[in-house]
1. At a threshold of 8 angstrom on Cα-Cα distance, excluding pairs fewer than six apart, so keeping six or more, what relative contact order does the chain reach in percent?
2. Could I have the simple spin-label model distance between GLU135 and ARG96, label points 7 Å from Cα toward Cβ, reported in nm to one decimal?
3. If you average 1/r over all unlike Cα pairs in the chain and invert the result, what Kirkwood radius do you get in angstrom?
4. I need the phi-derived Karplus couplings for segment 52-57: 6.51 cos²θ - 1.76 cosθ + 1.60, θ = phi - 60°, integer Hz, Gly and Pro marked x.
5. Show me, for segment 153-160, the HN-Hα J-couplings you get by feeding each phi into the Karplus relation (A = 6.51, B = -1.76, C = 1.60, θ = phi - 60°), rounded to Hz, glycine and proline as x.
6. Under Stokes-Einstein, with the Kirkwood radius over Cα pairs standing in for Rh, what whole-number D in µm²/s applies to segment 1-88 at 10 °C and 1.306 mPa s?
7. Which distance in nm do the two modelled labels at PHE59 and TYR121 give, with both placed 7 Å along the Cα-to-Cβ direction?
8. For the chain, with a Gaussian network of springs between Cα atoms less than 10 Å apart, report the residue from ASP61, ASP26, ASP109 with the top mean-square fluctuation.
Amino acid sequence: MPIPDEMEDAELRSVIKRTFAEIDSDGFGVIRIEDMKPFQRVFEMTPDAFHSFLQFLKFFDKSGDGRFNLEELIETCVIYSLLMMLEESHVPELRREVIRLLFIALDEDGSQTLDKMELEYMVGMMADHCDVSKEVAMQAFDFGADKEEITLEEFIETFDFL
Ligand SMILES: [Ca+2]
């Protein structure tokens, strides 16, 4: 998956759209995760990178049926590329914005806080990409006896500390 610096947002969308149409040759408007192989070629992903991309899709498959329509797929790819960008970027304003978008994406129930389950998904993803282990990362977010959810501010602070 290219990072946004390397590929403009509009271009990313058009590549996804084209590849989606190629996979969805019957025009059902949805494609299955197991049919996403062409994306590996299109985005020039290594087998490892492609594997982690598929894991990410499974995580973002909110309906749980293993299918994505075009809009869902674009949304998920944008988040994925944001996550990739975080690894590369050290510009504070940009990082803050990316982390904010990530928070919104992770807040599945729209409570504007992340509970342990919502956070664990992301931490699992991070552990795939960073040197931080899942245990260390969860400790850093400091879920204590009196703390069951974290806010955006806490998320940003802790994220940058990791
Ligand atoms: Ca939430």
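We did not get these values from a lab; they are worked out from the coordinates using the rules stated. Note that the structure is a prediction, hence the values are computed from the model and not measured. Cβ atoms come from the backbone with ideal geometry, glycine included; neighbour counts cover every protein chain shown.
1. Numbers: 130 pairs, mean separation 32.1, N = 162.
In percent, rounded to a whole number, it is 20.
2. It is 3.5 nm.
3. Working: mean 1/r = 0.0600 Å⁻¹.
In the chain this quantity evaluates to 16.7 Å.
4. My calculation for segment 52-57 gives 5, 5, 5, 4, 4, 4 Hz in order.
5. Calculated HN-Hα couplings, in order: 4, 5, 4, 4, 4, 5, 4, 6 Hz.
6. Details: Rh = 13.0 Å.
D = 122 µm²/s.
7. Between PHE59 and TYR121, the label points sit 0.9 nm apart.
8. Largest GNM mean-square fluctuation: ASP26.
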